[in-house]
Amino acid sequence: MIRHRAESGVRVLILLAIGIMAGAAAFTHVHDLTVAHGQPDWIGWANAVAVELMAIYLGLEIRARRRAGRPVGLVGVLLVAFALLSLAAQVAEAEPSVWGWIVAAVPSLAFLALVKVVLSSAPAPAPEPNQPPVDWTYEVPEQVVTEPEPQQPTSPAPAVRPAPAAVLPPLGVVQPNRPQVVGIIR
């Protein structure tokens, strides 16, 4: 139990360290690119906040939607779009060489990897109290499919003729243990 808590604590610290450093680099690159293209300093920071925090928010939204069983398609597309904006800003600020672009892309790629790991490690929902655990295995019983036998043409059943009137009891009298005869008049 203590080992599990210590490991979880270390994982959270690593997650926070990478997230903070990747975020700081990404914020700086988006800010610097915005300012380099003629925007005031405060708009540079506003763009950085919008791009980077939107990506974080969308990651949390995906997790919440998965827990609720709601679709995540549009939110996932938006997450990728904002991550690509951050990546583009980082690459644009890099030295124009393959290694410069690769090194500049590391913060965005680290952020995307963290989002993927965190989102894919969502805990399984706990069973409801007083409910037995669910067994998700299910065997499909074999179904025997038989073709219906061809129907033989049958002759119409003979009509039941009513008994002669002398044998029928008077109306309103029910005779026990005697089958009732009902006929079809044609």
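The values are calculated or read from the model by the stated rules, or taken from the named source; none is laboratory data. Just so it is clear, the model here is predicted, and its values are computed rather than measured. Reconstructed Cβ throughout: ideal geometry from the backbone, glycine too, with neighbour counts over all protein chains shown. Accessible surface is based on the protein model in full, side chains and every heavy atom, while ligands, DNA and RNA are left aside. Shrake-Rupley method; radii C 1.70, N 1.55, O 1.52, S 1.80 Å.
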Check on Leu53, outside any loop (DSSP other than H, G, I, E, B), open to solvent by 50 Å² or more (accessible area, probe 1.4 Å) and under 17 Å from Gly19 (Cα atoms)
yes
Name the residues in segment 40-50 that are open to solvent by 80 Å² or more (accessible area, probe 1.4 Å) and either among the hydrophobic types (A, V, I, L, M, F, W, C) or closer than 24 Å to Trp101 by Cα (or both), would you?
Trp42, Trp45
Segment 100-124 - residue that is open to solvent by 90 Å² or more (accessible area, probe 1.4 Å) and within 18 Å of Val72 (Cα to Cα) and, of those, modelled with the highest pLDDT:
Lys116
Residues of segment 1-36 that turn out to be more than 22 Å from Val103 (Cβ to Cβ) and either modelled with pLDDT of 90 or more or open to solvent by 100 Å² or more (accessible area, probe 1.4 Å) (or both), as a count
8
Anything in segment 60-99 that is among the basic types (Lys, Arg) and open to solvent by 90 Å² or more (accessible area, probe 1.4 Å)? List them, or say none.
Arg66, Arg67, Arg70
